[in-house]
Amino acid sequence: MNKNWWKILSFILLVYTIVGGFLLDIPHLPILNESIRNLYFHVAMWFAMMILFGVSIVYSIKYLAGAKYRNDIFAKNFAAMGSFMGILGYTTGFIWANYTWISDQNQSLSGILKEPKLIGAAIALLIYGAYFVLRGSFTDMDKRARVSAVYNIFAFAMLFPSIWIIPRLVGSLHPGGQGGAGGNPALNFKDIDSRLRMVFYPAVIGWTLLAVWIATLKIRIQLIKDKTLLNA
Amino acid sequence: MHKISAYLLRSFLLIISFAICSISHAQQRVEMADAMRANGKIYVVVTVCVTILVGLFLYVFSIDRKLSKIEKDSASQ
């Protein structure tokens, strides 16, 4: 089998995401209206981010286990691509919030900025931002790889409390918070409409594969650049 | 070589004439609602997004291929 099959799969899934995401039937909800279709784009960005951070931490642990420089390159680039997806998720969230929470729900901007998931996601992205600052502050390669691998584990450990647990404990405008419908929309199969599920899961896989593809391109460039170091 | 270029030119002219035919065909029936104009022209948005996606993938794929070539070169050195 062609080893590039997953790249083609990513393309097919994303074409399906756009065509199905724009045209298939969706639940008719007040305030959200057609913007519920953002589920396939905005939410998929965050899912791709979490998966890429997950891959990154695996390579960090692998580095700590064997001190192979190759694993450090993998960990760094997956974290970078994950952060990029997170920034895209944040930006798309701004746009979505502007047309639903602010203009159609008459909430104030300061009220929106208190939204715990916004703050949590900002904290999570800043923690990952510090990962790159930390990497840049080392001149010694082995030290950089080792310390940043340990830091990456801490960053991943902070990711889930800040974007999932804390917004659930306090009131949140996002699904799953207290004061909303309650419960866990990720695990409650009655919460997300099956029509949305039809496109949402392929969308998550498609966007994640695209992000992984771009991350592997960056990794391959770095591997060629550091060829002499890797063979030494 | 000459034969191939003549063949290419002929097929190109054929495509052009088809395109002209389709344009004049559309002009004759302005009132006909074709698929692209249905549902508030949402299909136009879909087509634009798919075009962007195809372009993006072609770009990433070309980078991928270039990189594979560089990898092959640096491996043989």
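Tabulated values for the structure
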item: Stretchable slack from A:Met158 to A:Ile87, in nm (0.36 nm times residue separation minus alpha-carbon distance); result: 23.8 nm
item: Kirkwood Rh in Å, taken over all unlike Cα pairs in chain A; result: 19.2 Å
item: Ranking by accessible area, most exposed first, for A:Leu125, B:Leu53 with a 1.4 Å probe; result: A:Leu125, B:Leu53
item: Accessible area of A:Thr228 in the full protein assembly, 1.4 Å probe (Å², nearest 10); result: 110 Å²
item: Kirkwood Rh (inverse of mean 1/r, distinct Cα pairs), segment A:72-119, angstrom; result: 12.3 Å
item: Helix axis angle, A:141-160 relative to chain A longest principal axis, alpha carbon, degrees; result: 20 degrees
item: Cα-based equivalent ellipsoid of segment A:21-145: semi-axis lengths in Å, sorted from largest, via gyration tensor; result: 37, 17, 9
item: Cβ crowding within 10 Å averaged over residues, with A:193-199, B:60-66, A:57-63, A:213-219 ranked highest first; result: A:57-63, A:213-219, A:193-199, B:60-66
item: Peptide A:133-146, shielding by other chains (average Cβ, 10 Å cutoff); result: 0
item: Length released on extending from A:His28 to A:Ile12, taking residue separation times 0.36 nm less the Cα-Cα span; result: 3.0 nm
item: Accessible area in the full protein assembly, largest first, 1.4 Å probe, for A:Glu115, B:Glu71, A:Glu34; result: A:Glu34, B:Glu71, A:Glu115
item: Average beta carbon contacts from partner chains per residue of A:2-14, 10 Å cutoff; result: 2
item: For A:22-34, mean number of other protein chain Cβ atoms within 10 Å; result: 1
item: Surrounding net charge for A:Met141, when Lys and Arg each add one and Asp and Glu each subtract one, Cβ distance under 11 Å; result: 0
item: Most to least accessible of A:Met158, A:Met50 (protein chains only, probe 1.4 Å); result: A:Met158, A:Met50
item: Cα coordinate range in segment A:1-91, projected on the principal axes (Å, largest first); result: 53, 35, 16
item: Set of lysines near A:Lys227 by C-alpha distance (under 18 Å), chain-local residues within fewer than 8 positions excluded; result: A:Lys68, A:Lys76, A:Lys218, B:Lys66, B:Lys69, B:Lys72
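The values are calculated or read from the model by the stated rules, or taken from the named source; none is laboratory data. What you are looking at is a predicted structure, and each value in this text was computed from that prediction instead of being measured. Every residue, glycine among them, receives a Cβ derived from its backbone with ideal geometry; neighbour counts consider all protein chains shown. Each accessible area value is taken on the protein alone, full model and side chains, heavy atoms only, with ligands, DNA and RNA left out. Shrake-Rupley method; radii C 1.70, N 1.55, O 1.52, S 1.80 Å.
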